[in-house]
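Engineer: Right, I'll just put the structure down here and ask away after.
The values are calculated or read from the model by the stated rules, or taken from the named source; none is laboratory data. Just so you know, these numbers come straight off a predicted model, no measurement behind them. Glycine gets a Cβ as well: all are built from the backbone with ideal geometry, and neighbour counts include every protein chain shown.
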Amino acid sequence: MPQKKITDPQSQIDYAISMMVGCTEAKSQITKELEESALAISNGNLEEVEQLLLSQSKLLNTLGTQLTIKGYHLISESAILATMPQLPTNLVKLGLRSLEQSRKTLKTLADIKHPKRTTFVKQQLNQVNVAPQLGESTNAEMDKRSQRTAEAEVPEAETLEA
């Protein structure tokens, strides 16, 4: 069996798991679950991804709210301001960044559940453009004397703003 490269994603996952979990049984179970998840995603089942994104967004929202509130309350603490003057401001900034990331995560979830029409159209156009490249035609060659090009007949797709 050939040795895996360190840049191979599966090698990186195995290494990370072995660093976190010393038990071989636990490592096998985690690896098995990751493989099952990857297979489900490749088959189009995005339920686990949706649950993960929703959990991540809720955690980031809670963390952001708590950090922002804590930073706001520390602004009035003179002892904190004397010893660590940047702490309240940094907590508020970190809290706001967490809230922004929560919003982005929810947007990603919404995009997965309800893809934009332009994305769908681009995917369909890509499939149409890839189809002729899949194999050579066994049909006879056409008369090319009066043949038009596809670019002249089909306008370029444009992005639609919602």
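Engineer: Restricting to segment 100-118, name every residue that is surrounded by 11 or more Cβ atoms within 10 Å (Cβ to Cβ) and at pLDDT below 90.
Structural biologist: Correct list: Ile112, Pro115, Lys116, Thr118.
Engineer: Another question, if that's okay. Of all residues in segment 26-70, which are outside any helix (DSSP H, G or I) and free of Cβ contacts under 8 Å to residues at least 40 places away in the same chain?
Structural biologist: Residues satisfying the conditions are Asn43, Gly44, Asn45.
Engineer: So, one more: Output the residue which, of all residues in segment 12-37 that are of a type in the set (A, V, I, L, M) and within 27 Å of Ser102 (Cβ to Cβ), is farthest from the chain's Cα centre (by Cα).
Structural biologist: Here the residue is Met20.
Engineer: Among the residues of segment 38-75, which ones are within 23 Å of Leu99 (Cβ to Cβ), in contact with a helix residue (DSSP H, G or I) (Cβ under 9 Å, 6 or more places away or on another chain) and among the small types (Gly, Ala, Ser)?
Structural biologist: Ser57, Gly64, Gly71
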